[in-house]
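Notes follow the structure.
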Amino acid sequence: MLPPIEEIEVERIHGRDKQERKASARDIDVDMNPMVDLAFLLLTFFMLATTFSKPQAMELLVPAKPDEEELERETPVRESLTISLVLLEDKIVRYRGISDPETFDMPYDNGPLREFLLGAMAEIDGLVVLVKPLPESNVEHLVTVLDALNVTNVQRYALAEPSDFDQTLSSAIQIEEP
């Protein structure tokens, strides 16, 4: 059978004496200098080998603030070259000229608007389109009109403040195109 616990030598079961273990642990000396050197070399390599991503920004071309003299010397546009598009809540009212214009209604569909713009460009050399959104129109209507101007390659157009005549168009009865 098994010997009593007092007779069992624990040191022999583990195979070494405490003194032997302490002596062998002290004998192992690892030099960490090459490891630190390697770590700094790797760090330096990866810092130099990688490129940092540059922030992507949209470039905006903003015109310079005009001088007061330039504001007074605005280039006049002849009345016969202008077409005004007044953006209402459910339709576009278009008219040519400024004094006593004849108005026509048009839906916000791209087809009729594009056809009208192409016809106007063929008819009028140096066409200037004035887009006048009223408060009851929304951004979608403005985007539709600007898209049609871009697709039909109208070179000169501008957003303009609605005149008093334009303000009366929202409540007045419109003349339908024949």
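The values are calculated or read from the model by the stated rules, or taken from the named source; none is laboratory data. What you are looking at is a predicted structure, and each value in this text was computed from that prediction instead of being measured. Methodologically, a virtual Cβ is constructed for each residue, glycine included, from the backbone with ideal geometry; neighbour enumeration extends over all protein chains shown.
Counting just the residues of segment 107-128 that are part of a helix (DSSP H, G or I) and acidic (Asp, Glu), which one comes out surrounded by the most Cβ atoms within 10 Å (Cβ to Cβ)?
From segment 107-128, those part of a helix (DSSP H, G or I) are 110-123; that's our starting set.
Next, only the ones that are acidic (Asp, Glu) stay: 115, 123.
Working: GLU115: 13, GLU123: 10.
Per the criteria, the residue is GLU115.
Give me the pairs: first residue in segment 113-129 and farther than 20 Å from LEU87 by Cβ, second residue in a loop (DSSP other than H, G, I, E, B) and among the charged types (D, E, K, R), beta-carbon distance under 9 Å, and six or more apart or on different chains, which are they?
Filtered contacts from segment 113-129: GLY126/ARG78; GLY126/ARG156.
Given the criteria of a type in the set (Val, Ile, Thr), under 34 Å from the mean Cα position of the chain (by Cα) and exposed (fewer than 11 other Cβ atoms within 10 Å of the Cβ), does THR44 qualify? Steps first, answer last, please.
On the way: of a type in the set (Val, Ile, Thr): yes; under 34 Å from the mean Cα position of the chain (by Cα): no; exposed (fewer than 11 other Cβ atoms within 10 Å of the Cβ): yes.
When the stated conditions are applied, THR44 does not pass them.
Filtering segment 78-89 down to residues that are touching a Leu at 6+ places or on another chain (Cβ under 9 Å) and part of a loop (DSSP other than H, G, I, E, B), which residue is modelled with the lowest pLDDT?
The initial filter retains those residues of segment 78-89 that are touching a Leu at 6+ places or on another chain (Cβ under 9 Å), namely 81-89.
Keeping just the survivors that are part of a loop (DSSP other than H, G, I, E, B) gives 88-89.
Numbers: LEU88: 88, GLU89: 84.
Among those that are touching a Leu at 6+ places or on another chain (Cβ under 9 Å) and part of a loop (DSSP other than H, G, I, E, B), it is GLU89.
Would you mind telling me which numbered condition in (1) crowded, with 18+ Cβ neighbours inside 10 Å; (2) part of a loop (DSSP other than H, G, I, E, B); (3) aliphatic (A, V, I, L, M) ILE98 fails?
Every condition holds for ILE98 apart from (1).
Going by the conditions given, is ALA23 surrounded by 10 or more Cβ atoms within 10 Å (Cβ to Cβ) and either touching a strand residue (DSSP E or B) at 6+ places or on another chain (Cβ under 6 Å) or modelled with pLDDT of 85 or more (or both)? First the steps, then the outcome.
Details: surrounded by 10 or more Cβ atoms within 10 Å (Cβ to Cβ): yes; either touching a strand residue (DSSP E or B) at 6+ places or on another chain (Cβ under 6 Å) or modelled with pLDDT of 85 or more (or both): no.
Taking the combined requirement at face value, the residue does not satisfy it.
Say we look at segment 90-106 and pick out the residues that are modelled with pLDDT of 85 or more and touching a Leu at 6+ places or on another chain (Cβ under 8 Å); which of these is farthest from LEU134 (Cα to Cα)?
My answer is MET106.
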